[in-house]
Amino acid sequence: MTHKGRKKKTASRQHETDHDQVIRLPINGILDLHAFAPGDIRHLVPDYLEECRRRDIRQVRIIHGKGTGALRRSVHAILARMDIVRSYRIAGPEAGSWGATLVELKKAP
């Protein structure tokens, strides 16, 4: 899967913003949002989950980090609006605790 996105600016290393950058993502059921700007997730998360569902990957872990919780809340708001999501919950300690969300997708028709 490819996603057009911006390079995330970090405190340790500044990157130029590039709106046309294509980022290749492995479709393996783990989506790490650390490499993406917060504004990218509104398209990235649904696109990634749709592709997982097409590949019959129905258990997905979204790593949003712990931080202030703003990104987690944004991810959860997106998940709550998606018809293909059966359920989601904060991960247990073995899968990232409150820095990750586990998503169960509905089976594709």
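Where a number appears in this text, it was derived from the coordinates with a stated rule and is not lab data. Since this is a predicted model, take the numbers as computed values, not measurements.
Computed extension length for residue 108-residue 59: 16.3 nm, one decimal, from 0.36 nm per residue of separation with the Cα-Cα distance subtracted. Each residue of region 29-44 is assigned a 3J(HN,Hα), and the resulting list reads x, 10, 10, 9, 7, 4, 7, 10, 6, x, x, 7, 6, 5, 9, 4 Hz, derived from the Karplus form 6.51 cos²θ - 1.76 cosθ + 1.60 (θ = phi - 60°), x at Gly and Pro.
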